[in-house]
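Structure, as structure tokens:
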Amino acid sequence: METFLVVFTLSLDAFVASIAYGTNKIKMPFKSMIIIDIICTSLLAISIFLGTLVKKTLPEGTTIIISFTILILLGIFYLLEGVIKRYIKNNLILDKKIKFKLFNIWFIISVYMDEIKADLDNSKTLSSKEALYLAIALSLDSLAIGFGSSLGSINCISIIFLSLIINMIAIWSGLAIGKRFVEKVKIDLSWLAGVILIILAFLKLK
């Protein structure tokens, strides 16, 4: 159950982003979908691996407290994410022309604020390079959530395998739902992710 909740939470961003792409009639080739799925799962796997290493060096009671704290803070962040994004939009200039190059942090932040901006050339098709940026922006939270979850008791292999499956389902279903909307819609499920993370945090205390 805990493994499913973690993966479900992480797939929410991909689901919402895919709906946005569907409503904006931006095509996402299967290759781009695979790139997003693999990058998101790979970063999750790295964070879990690092968390497992740290877990071996700390007393069990300490890791539980750290895991609880990380998940609680992330849950609160998600609950306030709408406010945080509005603050960033009002205080950072993200609408200027941004050069499309690898590891451009401003472009990644821009995509984090508005997933549609990953289609930099406005071709209405998400290329492989653009999918890479979208994947990085979508998986930023995976690093913290994966690390925090791995400090507790969690099946690492199951969560990685499940992530590959659910992420792909989230992307595909999000695109399908988005294409059915006549008007563009803005869906915010960050509050749901926040609630689930807070529940996960308290599950760590069992």
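The values are calculated or read from the model by the stated rules, or taken from the named source; none is laboratory data. Note that the structure is predicted; figures quoted are calculated from it, not measured. Here Cβ is always computed from backbone atoms with ideal geometry, including for glycine, and neighbour counts include all displayed protein chains. Protein only, heavy atoms only, side chains kept; ligands, DNA and RNA dropped before computing areas. Shrake-Rupley method; radii C 1.70, N 1.55, O 1.52, S 1.80 Å.
Figure the gain on full extension for residue 176 and residue 205 (residue separation times 0.36 nm, minus the Cα-Cα span) and round it to one decimal in nm. List each step's numbers first, then the result.
Numbers: separation 29, 0.36 × 29 = 10.44 nm, distance 3.86 nm.
So the extension gain works out to 6.6 nm.
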Item to check | residue 125-residue 4 pseudo-label distance in nm [points 7 Å out on the Cα-to-Cβ vector] | outcome: 3.9
Next on the checklist: With a 1.4 Å probe and all protein chains kept in place, how much accessible area does residue 13 have, in Å² rounded to the nearest 10?
Outcome noted: 40
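Got a sec? What order do 7, 16, 54 fall in by accessible area at 1.4 Å, biggest, i.e. largest, first? Write down the numbers at each step before the final one.
Numbers: 7 5, 16 25, 54 50 Å².
Result of the area sort, largest leading: 54, 16, 7.
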